[in-house]
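Q: Quick one: the structure is below, and I'll ask about it shortly.
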Amino acid sequence: MSDDHKTDPPEQQEASLFEAPPMAEQERMVEAILFATAGPVSISEMMGRMPHGCEPAQALTNLRKRYEGRGVQVVRVGDAWAIRTAPDLGFLMQKETIETRKLSRAAIETLAIVAYHQPVTRAEIEEIRGVSVSRGTVDQLIEMEWIRLGRRRMTPGRPVTFVVTETFLDHFGLESARDLPGVKELRSAGLLDNRPPPGASSDDEKDDSQPPLFEDD
Amino acid sequence: MSDDHKTDPPEQQEASLFEAPPMAEQERMVEAILFATAGPVSISEMMGRMPHGCEPAQALTNLRKRYEGRGVQVVRVGDAWAIRTAPDLGFLMQKETIETRKLSRAAIETLAIVAYHQPVTRAEIEEIRGVSVSRGTVDQLIEMEWIRLGRRRMTPGRPVTFVVTETFLDHFGLESARDLPGVKELRSAGLLDNRPPPGASSDDEKDDSQPPLFEDD
Amino acid sequence: MTETGDFDEGPISVAERMAAEALIVDVDGYEGPLDLLLTMSRTQKVDLRQISILSLARQYLAFIAQARELRIELAADYLVMAAWLAFLKSRLLLPPDPEAEGPSGEELAAHLAFQLERLAAMREAAAKLMARDQKGRDFFARGITEDVARVRQVKYTASLLDLMQAYARIRTKDEFRPFVMDRVAVMTLEQALERMRHLIGFAGDWTDISSYLPEEWQVDPAKRRSATAANFAASLELAKEGRIEIRQGDTFAPIQIRKRTRDV
């Protein structure tokens, strides 16, 4: 396409020979240059790139005014100029990525206990799980709005109880926590692993193989 | 990347909770987003970055109008949007010119065939050009991200098809493949039809009945 | 499509011959026989839609013949095309054979004309495409881009199945607890050890290990079994500590223990 302006001898004297482009046109040029150049551009560089007789300083002033209050601004960077995002819109340069992760085993178990036993105290949860429940786990479930505090239990110490929320029911597609299947149903649905833990199989059979010392008399 | 948003609970309900920013403000936001990126930005990505309830599509229409006749333009690229310098000002950007690899005649023709006939199989490209398509040609176009694999054709052998990419549209300043030069005329002249050679009643028989010219080697 | 006119293979004109020779010189420049045919068709100086396939076939065959005379090696597909065009030519020239199967010469010629027209059209389209303003040459993208910072938000999720399985897991654990933990009929090693440490001080002479069983553990076979085992294990422990000695006269004979006197 274009001709090599660069090699043309400068500048001022010849300028009068050429009709300088109208100021609106010069503004367009400055706009395009600032937009496409990989770094800030000085006035003299603009002058070098634009046709003879152009006054980039004036064009820049006009352009700067034009961008006032816009989403981007013409800003001075040292001796050069650049187009930059308006400071108040910096937040748009962030992108939230949402990563979906499975709940931890502790959290899902705690949640399950609250769902099946609500209202339930922390001590009861711990008793059922057989391990202590970390504060973080409960906090996480509360933050997710899947459980919330219920009424205090009318027992010594008046401990708080936990119940599941509407959000919980929504998420799991339940009308109420009572709709959760019981252990028997879980078993018949094959959700219960019937295999006993290793070693706990059938004690009685084991005895036969034991030495007579342990034989009953 | 950010398709994870899809799994979010629908935004609609939430939208009403927040007052959407005024349209002028949304326009500023879209402006800032488009200025900040070199590649086209999809509406859904803008939506993901802008506050709830924003309508980037409307803001874009306004913004596009605002930049009409200016040094830079708001252009549509497929389903996405970008700001580009006005083509008549290209001469100002000599410094920015990227030396593009010179494409072979085979590559250019293959590219044009993919663009005009997409989705198109390799066999169809070969039939149109009357010569086998070298792997390198296709690889080069894929590497340049100008073409990509489309869906498999639901014919025997389920051959892969090629389609042009957003990068292709962006490079040639096309809104969509429908805006390819002369595409309407070619279509109405029947030159984009997939006209099987006479005697080839169905795809299965094609191989037998095709003149040897079109046989792959 | 078929042109009547000269049915004989009359001598080709000088101009045609020269054109053909020119073609031969740079046959490598052609992208296959279809490309060559398209170039030849230009010599007819007619719209591709009115092209004479018959004369094109002749021109092509003449070209092949000349190339052979000049011993120019032609790629197989040029020869294949020649054979096909010879076949097409004969179909076009001979009166149609009602017995003949397959498409007529006219149909084949029409398709070839379509292919040439389509190839020409794609060439033109490609040229138009490349003549468009191009990014990085005629128009430009943003020079200073801003990185979009990624803020990662983790969203936790669980399915109803996860929930039910978790509950099932907990309840199952409960059910199995009696087998491993809550057995009343089990004397632990610690219990036996505690008890024997206490009693051993009084046992100066060899005593049957079974006499150390607590009374309440001697009746119920299950308890007795457990206590015996625990006592035995405790005895071994004490022997290891050097506090007692153990002996067994014979296989399955009673196991006896006594306090170990250090001075002996």
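Q: Could you check the spin-label model distance between B:ARG151 and C:GLU107? Points 7 Å from the Cα along Cα→Cβ, value in nm.
A: Placing both labels 7 Å beyond Cα along the Cβ direction yields 3.1 nm.
Q: If packing is taken as the average count of other Cβ atoms within 10 Å, what order do B:156-162, C:255-261 fall into, highest mean first?
A: C:255-261, B:156-162
Q: Suppose you put the label 7 Å out from Cα in the Cβ direction; list, shortest first and in nm with one decimal, how far B:ARG195 is from each other copy's label.
A: Computed spacing set for this position: 6.7 nm.
Q: Now for a different question. Other chains' Cβ within 10 Å of A:82-95 residues: what's the mean?
A: 6
Q: On the Cα set of segment A:7-93, report Rg and Dmax in Å, please.
A: Both quantities, over Cα of segment A:7-93: 14.2, 49 Å.
Q: C:LEU70 to B:ARG158: FRET efficiency via 1/(1 + (r/R0)^6), r the Cβ-Cβ distance, R0 51 Å, to the nearest 0.05?
A: 0.65
Q: Kindly rank B:146-152, C:140-146 from highest to lowest mean number of other beta carbons found within 10 Å of each residue.
A: Highest to lowest by the protection proxy: C:140-146, B:146-152.
Q: Moving on to the next point. Order by neighbour count: A:ARG76, B:ARG122, fewest other Cβ atoms within 10 Å first, most last.
A: A:ARG76, B:ARG122
Q: Let me ask another. Relative to the other copies, what are the label-point distances for B:ARG76, with labels 7 Å from Cα along the C-beta vector, expressed in nm at one decimal and sorted shortest first?
A: Nearest to farthest, the other copies are at 4.2 nm.
Q: Still on this structure, please answer the following. Once label points are set 7 Å from the Cα along Cα→Cβ at both C:ARG42 and B:MET23, what is their separation, rounded to one decimal in nm?
A: Label at C:ARG42, label at B:MET23, 5.4 nm between them.
Q: Output the pairs from A:LYS65/C:LYS135; B:LYS184/C:LYS45; C:LYS135/C:LYS155 with a Cα-Cα distance over 32 Å in this structure; if there are none, say none.
A: C:LYS135/C:LYS155
Q: Report, as an integer, the average count of C-beta atoms from other chains found within 10 Å of each Cβ along B:25-35.
A: Other-chain Cβ atoms within 10 Å of each residue's Cβ, averaged: 6.
Q: Measuring label to label, 7 Å along Cα→Cβ, what does A:ALA177 give against each other copy in nm, shortest first?
A: 5.5
Q: Enumerate the whole-percent occupancy of each 5 Å bin, from 0 to the last occupied one, for all C-alpha pair distances of segment C:189-259.
A: Calculated P(r), rounded to whole percents: 4, 18, 30, 27, 16, 6, 0.
Q: On average, how many beta carbons from a partner chain sit within 10 Å of the beta carbon of a residue in B:68-75?
A: Partner Cβ neighbours, averaged per residue: 5.
Q: Oh, and also: Could you work out the relative contact order of segment A:7-93? I mean the mean sequence separation of Cα pairs under 8 Å and 6+ apart, divided by the number of residues, in percent.
A: 29
Q: How many nm is it between the label spots at C:ASP220 and C:TRP206, if each spot is 7 Å from the Cα in line with the beta carbon?
A: 3.4
Q: Next question, about the same structure. Run the numbers for C:SER159 and C:ALA233: contour at 0.36 nm per residue of separation, minus the present Cα-Cα distance, in nm.
A: Gain on extension, C:SER159 to C:ALA233, equals 21.8 nm.
Q: Could you give the size of the charge dipole of segment B:7-93 about its Cα centre, using +1 on the Cβ of each K and R and -1 on the Cβ of each D and E, expressed in debye and rounded to the nearest 20?
A: Result for segment B:7-93 is approximately 480 debye, rounded to the nearest 20.
We did not get these values from a lab; they are worked out from the coordinates using the rules stated. No experiment lies behind these values; they were computed from the predicted model shown. Counting neighbours? That spans all protein chains shown, and the Cβs are built from the backbone with ideal geometry, glycine included.
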